[in-house]
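The values are calculated or read from the model by the stated rules, or taken from the named source; none is laboratory data. Remember, it's a predicted structure, so these values are computed and weren't measured experimentally. Ideal geometry is used to build each Cβ from the backbone, glycine not excepted, and the neighbour counts take in all protein chains shown. Keep in mind that these areas ignore ligands, DNA and RNA; they rest on the heavy atoms of the full protein, side chains included. Shrake-Rupley method; radii C 1.70, N 1.55, O 1.52, S 1.80 Å.
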Amino acid sequence: MEFKNIKLELNEGVSLIAIDRPKSLNALNLETLKEIDQALEEVKENEEVKVVIITGAGEKAFVAGADISEMKDMNPLKAKEFAEFGQKVFRKIELMKKPVIAAVNGYALGGGCELAMACDIRIASHNAKFGQPEVGLGIIPGFGGTQRLPRIVGMSKAKELIYTGDMIDAEEALRIGLVSKVVEQEKLLEEAYNIAKKIMSKGMIAVRLAKEAINIGINADIETGMSYEAKAFAVCFATEDQKEGMAAFLEKRAPKFVDK
Ligand code: CO8
């Protein structure tokens, strides 16, 4: 499919989705969200794609939020539909069987921070800025921010950020665990690809099962999480990759995983 507001590339097993609306700092209007949704469907179905990277085009913004000019005249029903659609798209990222890395290259505000938080791994460039400024617009986060931010950084910091609308820089985001790495802007995509390549060198079924176990466990009690982990662990032993991985270790050679 042809896209107007995003770019979609495939390089050696890695799909790169770049939000590309530079005039509005890559803000998410409905059309852009629909294109992201479509791109996610395509990468989900494409067996060549092993890992996905999401970034913002240009050097200034990852995504500066939902598009305020489009939201300003919404009635409550439209606002609910918009929030639910955005939530559904971001949940698709979270539930995708392939790892998704956010390469945050500038402003990640409101819906932009929420998009990054739906990804499995977040890395940022030094000039990245994060925040949930919605209360300053008289609204609250609507694409999962009230749910994911406390799960990622804890209740106190999440409430501080959401109630004040404060913007934090990349170093602070690293300190509070909102991102896992900060690099120079010109190295950001290279670093994201390096992480993707490292993941792709492992048993990808195991990576997928680990993602599922972590996602289920974070929203469940410990017994449910442990029980899921044990079952997913058992499933690994039905794969060729488990046999290959362990044989390769014992034979002191690099494993050749086949994703089976
Ligand atoms: N929506 C629409 N346009 C935007 C947005 C946005 N979120 N952010 C920036 N723009 C536009 C500006 O209007 C401006 O356009 P123009 O050139 O036509 O005037 C252009 O991008 C450049 O922006 P600035 O001139 O403001 O650039 P600065 O460098 O001065 O400032 C900032 C950069 C700090 C990022 C500033 O643009 C800003 O504060 N943007 C808004 C950030 C924000 O509040 N984001 C949260 C939006 S609300 C949200 O995301 C809720 C998500 C859940 C929705 C649920 C559905 C109901």
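So that you can scan it fast, the table gives a plain yes or no per residue for (1) in contact with a helix residue (DSSP H, G or I) (Cβ under 7 Å, 6 or more places away or on another chain); (2) surrounded by fewer than 15 Cβ atoms within 10 Å (Cβ to Cβ); (3) farther than 18 Å from residue 109 by Cβ; (4) modelled with pLDDT of 95 or more:
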| position | (1), (2), (3), (4) |
| --- | --- |
| 5 | yes, no, no, yes |
| 14 | yes, no, yes, yes |
| 19 | yes, no, no, yes |
| 45 | no, yes, yes, yes |
### Query
Just a yes or no: is a residue in the range 88-98 under 26 Å from residue 136 (Cβ atoms) and assigned to a strand (DSSP E or B)?
no
## Note on the structure
In the range 97-110, anything out of contact with any Pro (no Cβ under 7 Å at 6 or more places or on another chain) and open to solvent by 10 Å² or more (accessible area, probe 1.4 Å) is listed as 97, 98, 99, 107
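Give the number of residues within the range 46-69 that are of a type in the set (S, T, N, Q) and either away from the ligand (no atom under 11 Å from the Cβ) or in contact with a Pro (Cβ under 6 Å, 6 or more places away or on another chain) (or both). Walk me through how you get there before you give the answer.
Going through the range 46-69, the residues of a type in the set (S, T, N, Q) turn out to be 46, 55, 69.
Among the residues that remain, those that are also either away from the ligand (no atom under 11 Å from the Cβ) or in contact with a Pro (Cβ under 6 Å, 6 or more places away or on another chain) (or both) are: 46, 55.
Adding up the residues that qualify gives 2.
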### Query
Under 7 Å by Cβ, and 6 or more places apart or on different chains, what pairs join a residue from the range 53-82 that is closer than 23 Å to residue 94 by Cβ and assigned to a strand (DSSP E or B) with one that is among the hydrophobic types (A, V, I, L, M, F, W, C) and open to solvent by 20 Å² or more (accessible area, probe 1.4 Å)?
55/189; 61/25
### Summary
Checked the range 25-47 for anything outside any helix (DSSP H, G or I), in contact with a Leu (Cβ under 8 Å, 6 or more places away or on another chain) and closer than 15 Å to residue 96 by Cβ; matches are 46
### Task
State all residues of the range 80-96 that are exposed (fewer than 15 other Cβ atoms within 10 Å of the Cβ), of a type outside the set (A, V, I, L, M, F, W, C) and closer than 20 Å to residue 207 by Cα; if no residue qualifies, say none.
91
### Message
Anything in the range 199-226 that is of a type in the set (S, T, N, Q) and open to solvent by 50 Å² or more (accessible area, probe 1.4 Å)? List them, or say none.
### Response
201, 219, 224
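Condition check ((1) closer than 19 Å to residue 16 by Cα; (2) over 17 Å from the mean Cα position of the chain (by Cα)) across all residues:
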position	(1), (2)
158	no, yes
161	no, yes
164	no, yes
167	no, yes
174	no, no
178	no, no
186	yes, yes
192	yes, no
204	yes, yes
### Message
Tell me yes or no: at least one residue of the range 33-45 is within 11 Å of the ligand (Cβ to nearest atom) and in the same structural domain as residue 112 (by the TED database).
### Response
yes
### Query
What strands (runs of 3 or more DSSP E) lie completely within the range 111-190 and have 1 or more residues being free of Cβ contacts under 8 Å to residues at least 12 places away in the same chain, surrounded by 16 or more Cβ atoms within 10 Å (Cβ to Cβ) and not aliphatic (A, V, I, L, M)?
none
### Task
Would you check if there is a residue in the range 70-87 being within 13 Å of the ligand (Cβ to nearest atom) and in contact with a strand residue (DSSP E or B) (Cβ under 8 Å, 6 or more places away or on another chain)?
yes
## Note on the structure
Inside the range 114-139, the number of residues satisfying the requirement of being more than 17 Å from residue 25 (Cα to Cα) and of a type in the set (D, E, K, R) is 2
